[in-house]
Amino acid sequence: MPLQSFIDVSQESDFPIQNLPYGIFKPHQGSPRAGVAISNLILDLSLLEELGHFRDVAAAVSGGRNASRIFSGDSLNAFMALGRPAWKKTREILQNLLSAESSTLRDDAELRARLFHKQGEVTMQLPARIGDYTDFYSSYYHAHNVGSMLRGPENALMPNWKWLPVAYHGRASSVVVSGTEVKRPRGQTKPPDSSSPVYGPSKSLDFELETAFFIGPGNSLGQPVSIDHAEDHIFGIVLMNDWSARDIQTWEYQPLGPFLAKNFCTSISPWVVTLEALEPFRKAPPAQDPPPLSYLNRAADFTFDIQLEARLQTAKMTQPQTITRTNFRNLYWSIAQQLAHHTVNGCNLQTGDLLASGTISGPTEDSRGCMLELTWRGANPLQLSSGEIRKWLEDGDALSITGYCQGDGYRIGFGEVNGRIISA
Ligand code: CA
């Protein structure tokens with residue numbers, strides 16, 4: 001029998017007592033603060049902190065650093081910076097308070113009324129102050145599909161792809177929380193039949209199904225993080241939609257890579273699922289051939305079994321339609337390898353930095369993680385239940401990504417990241 005809370009949580013809920021993801025919420029009255037999700041509720045960590053429940057967290061931090069006000073700000077950065085011993089201690093405190101056996105909250109209706117908010121009655125904000133954002137390109141199937149379109153299947157992968165986790169530096173300022181409307185970008189494109197470019201709204205707006213992880217403690221400039229210690233720097237994982245304007249991208253990307261095709265909006269889910277919560281779903285990573293260089297090689301490396309799905313709902317549809325199902329295990333490069341590679345030159349990651357997976361496509365046609373692949377650059381449009389077709393996303397379309405790990409009688413869910421396209 002899995003651990004039970006005194007709060008009733010259905011087996012399909014994303015947020016049982018085994019999960020306890022962290023987020024920043026703004027109640028109707030009051031300032032933004034940290035909370036954890038359980039069932040359809042949020043437990044106010046700022047108030048719990050005020051009541052003295054996290055005094056032992058400071059003791060868990062080496063050197064006994066003052067950790068008395070970690071949950072009252074409008075970001076999780078202070079908590080993320082504390083590191084794994086403090087994260088584990090906090091989880092232990094929260095699971096004790098929320099367990100069916102503990103009377104502290106269970107038997108105090110007045111206290112519960114102050115501590116719990118309904119998720120539907122608050123506004124979720126970005127969980128962290130994101131200083132830097134990097135997007136990898138770590139799904140073999142995605143890289144192979146896109147490369148096949150551009151260069152043919154024989155030359156699909158660039159020579160470096162199986163030797164290092166390819167990435168580009170994205171833009172942090174345009175990372176937004178789920179629910180934020182996505183304004184169709186304008187920009188410069190070159191139609192194939194035209195000799196010169198034109199300016200106007202993107203005509204091939206796409207989504208990219210991704211996950212991303214947040215950096216906990218950073219590393220100093222010039223001090224690489226070895227792959228054996230990479231995990232110590234990883235706080236937790238969110239869902240991400242890397243909205244992409246393919247026509248802008250096609251014209252601008254050579255020779256320096258994505259720029260305005262990507263930085264107009266990047267959406268993430270509000271709840272950060274910790275590595276502690278994902279622990280039961282840890283799996284061996286896929287085999288890598290050729291074997292990576294030693295700084296990317298770790299016998300105990302890992303991935304997670306996270307089922308992922310994207311749904312599309314056009315303005316005419318009454319309910320969303322699933323357009324792809326994939327899994328986090330489809331990533332060739334692990335998050336530890338991504339982090340080790342990112343710092344191998346001495347680059348300093350900082351608390352709150354966001355490192356994204358890249359589009360997570362699987363081996364089959366129905367597990368492709370973006371419209372570019374699902375429609376093969378528009379050649380095979382999606383047929384929707386409404387009778388409509390889609391080569392790319394249109395104004396009024398809403399795209400949502402969900403994900404969860406299936407446990408025995410419970411789920412570790414990620415909630416969702418959604419966004420609706422509005423006109424340019
Ligand atoms: Ca991407």
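Please find, among P255, P165, the residue that is open to solvent by less than 40 Å² (accessible area, probe 1.4 Å) and either more than 16 Å from the ligand (Cβ to nearest atom) or not aliphatic (A, V, I, L, M) (or both).
Details: P255 fails: open to solvent by less than 40 Å² (accessible area, probe 1.4 Å).
P165 is the lone residue from the list that is open to solvent by less than 40 Å² (accessible area, probe 1.4 Å) and either more than 16 Å from the ligand (Cβ to nearest atom) or not aliphatic (A, V, I, L, M) (or both).
Screening V9 against (1) open to solvent by 10 Å² or more (accessible area, probe 1.4 Å); (2) closer than 20 Å to T123 by Cβ; (3) modelled with pLDDT of 95 or more leaves a single unmet condition, (2).
Test R186 against the stated conditions and say whether it is touching a Pro at 6+ places or on another chain (Cβ under 7 Å) and more than 16 Å from the ligand (Cβ to nearest atom).
Values: touching a Pro at 6+ places or on another chain (Cβ under 7 Å): yes; more than 16 Å from the ligand (Cβ to nearest atom): yes.
Considered against the rule, which asks whether it is touching a Pro at 6+ places or on another chain (Cβ under 7 Å) and more than 16 Å from the ligand (Cβ to nearest atom), R186 comes out as yes.
Residues that are open to solvent by less than 20 Å² (accessible area, probe 1.4 Å) and either among the charged types (D, E, K, R) or more than 30 Å from G396 (Cα to Cα) (or both) within segment 293-331 comprise L296, D301, F302, T303, F304, L331, listed in sequence order. Would segment 276-283 turn up any residue that is in contact with a helix residue (DSSP H, G or I) (Cβ under 7 Å, 6 or more places away or on another chain), open to solvent by 10 Å² or more (accessible area, probe 1.4 Å) and at pLDDT 95 or above? For segment 276-283, residues in contact with a helix residue (DSSP H, G or I) (Cβ under 7 Å, 6 or more places away or on another chain), open to solvent by 10 Å² or more (accessible area, probe 1.4 Å) and at pLDDT 95 or above: present.
Just to be sure before I move on: is D228 outside any loop (DSSP other than H, G, I, E, B), in the same structural domain as Q288 (by TED's automatic domain parsing), within 22 Å of D132 (Cβ to Cβ) and open to solvent by 60 Å² or more (accessible area, probe 1.4 Å) in the structure I sent? Write out each step before concluding.
Working: outside any loop (DSSP other than H, G, I, E, B): yes; in the same structural domain as Q288 (by TED's automatic domain parsing): yes; within 22 Å of D132 (Cβ to Cβ): no; open to solvent by 60 Å² or more (accessible area, probe 1.4 Å): yes.
So D228 fails the test.
Each row is one residue, and each column tells you yes or no for (1) free of Cβ contacts under 8 Å to residues at least 12 places away in the same chain; (2) part of a loop (DSSP other than H, G, I, E, B).
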position: S10; (1), (2): no, yes
position: P16; (1), (2): no, yes
position: I24; (1), (2): no, no
position: G30; (1), (2): yes, yes
position: V36; (1), (2): no, no
position: L43; (1), (2): no, no
position: S46; (1), (2): no, no
position: H53; (1), (2): no, yes
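Checked against the criterion of being part of a helix (DSSP H, G or I) and within 22 Å of F414 (Cα to Cα), segment 98-110 contains one or more residues that satisfy it.
Could you please find all residues in segment 337-358 being assigned to a helix (DSSP H, G or I) and either within 16 Å of the ligand (Cβ to nearest atom) or in contact with a Cys (Cβ under 9 Å, 6 or more places away or on another chain) (or both)? Walk me through it before giving the result.
So the first thing to find is which residues in segment 337-358 are assigned to a helix (DSSP H, G or I), and the list is 337-343.
Once the filter is applied, which keeps residues that are assigned to a helix (DSSP H, G or I) and either within 16 Å of the ligand (Cβ to nearest atom) or in contact with a Cys (Cβ under 9 Å, 6 or more places away or on another chain) (or both), segment 337-358 yields Q338, H342.
Out of Y137, Y141, one residue alone is in contact with a Pro (Cβ under 6 Å, 6 or more places away or on another chain) and open to solvent by 20 Å² or more (accessible area, probe 1.4 Å). It is Y141.
Can you find, within segment 258-275, the residue that is least open to solvent (accessible area, probe 1.4 Å) among those that are within 16 Å of the ligand (Cβ to nearest atom) and touching a helix residue (DSSP H, G or I) at 6+ places or on another chain (Cβ under 8 Å)?
The initial filter retains those residues of segment 258-275 that are within 16 Å of the ligand (Cβ to nearest atom), namely 258-269.
Cutting the leftovers down to touching a helix residue (DSSP H, G or I) at 6+ places or on another chain (Cβ under 8 Å) gives us 258-262.
Working: P258: 40, F259: 126, L260: 87, A261: 0, K262: 15 Å².
Within segment 258-275, the match that is least open to solvent (accessible area, probe 1.4 Å) is A261.
Would you be able to say whether some residue in segment 134-146 is in contact (Cβ under 8 Å) with a residue 12 or more places away in the chain and part of a loop (DSSP other than H, G, I, E, B)? Yes, there is a match, as at least one residue in segment 134-146 is in contact (Cβ under 8 Å) with a residue 12 or more places away in the chain and part of a loop (DSSP other than H, G, I, E, B). A single entry from L82, L20, L3, L76 fulfils the requirement of being among the aliphatic types (A, V, I, L, M) and open to solvent by 60 Å² or more (accessible area, probe 1.4 Å): L3.
Within segment 311-327, can you find the residues that are in a strand (DSSP E or B), without any contact (Cβ under 8 Å) to a residue 60 or more places away in the chain and not aliphatic (A, V, I, L, M)?
Taking segment 311-327 as the starting set, the residues that turn out to be in a strand (DSSP E or B) are 311-313, 321-327.
Cutting the leftovers down to without any contact (Cβ under 8 Å) to a residue 60 or more places away in the chain gives us 322-323, 325, 327.
Correct list: T322, R325, N327.
The lone criterion from (1) out of contact with any Phe, Trp or Tyr (no Cβ under 8 Å at 6 or more places or on another chain); (2) in a strand (DSSP E or B) left unmet by K88 is number (2).
Quick one: which of G170, G179, G120 is open to solvent by 20 Å² or more (accessible area, probe 1.4 Å), outside the structural domain of S361 (by TED's automatic domain parsing) and of a type in the set (G, A, S)?
Values: G170 fails: outside the structural domain of S361 (by TED's automatic domain parsing); G179 fails: outside the structural domain of S361 (by TED's automatic domain parsing).
The match here is G120.
Inside segment 332-368, can you point out the residues that are more than 18 Å from I215 (Cβ to Cβ) and under 14 Å from the mean Cα position of the chain (by Cα)?
T359, I360
Applying the criterion of being hydrophobic (A, V, I, L, M, F, W, C) and touching a His at 6+ places or on another chain (Cβ under 8 Å) to the residues of segment 29-42, the residue that is most open to solvent (accessible area, probe 1.4 Å) is L41.
Let's see how each residue does on (1) in contact with a helix residue (DSSP H, G or I) (Cβ under 9 Å, 6 or more places away or on another chain); (2) within 16 Å of the ligand (Cβ to nearest atom):
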| position | (1), (2) |
| --- | --- |
| S103 | no, no |
| E110 | no, no |
| R114 | yes, no |
| H117 | no, no |
| R129 | yes, no |
| F136 | yes, yes |
| S139 | yes, yes |
| N145 | yes, yes |
| M149 | yes, yes |
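Note on segment 332-354: among residues that are under 23 Å from P270 (Cβ atoms) and of a type outside the set (A, V, I, L, M), the one that is most open to solvent (accessible area, probe 1.4 Å) is Q350.
The values are calculated or read from the model by the stated rules, or taken from the named source; none is laboratory data. It should be emphasised that the depicted structure is a prediction, and the values quoted were computed from it without experimental measurement. Neighbour counts are summed over all protein chains in view; Cβ atoms, including those assigned to glycine, are modelled from backbone coordinates with ideal geometry. Side chains are part of the model used for accessible areas, which takes the heavy atoms of the whole protein and leaves out ligands, DNA and RNA. Shrake-Rupley method; radii C 1.70, N 1.55, O 1.52, S 1.80 Å.
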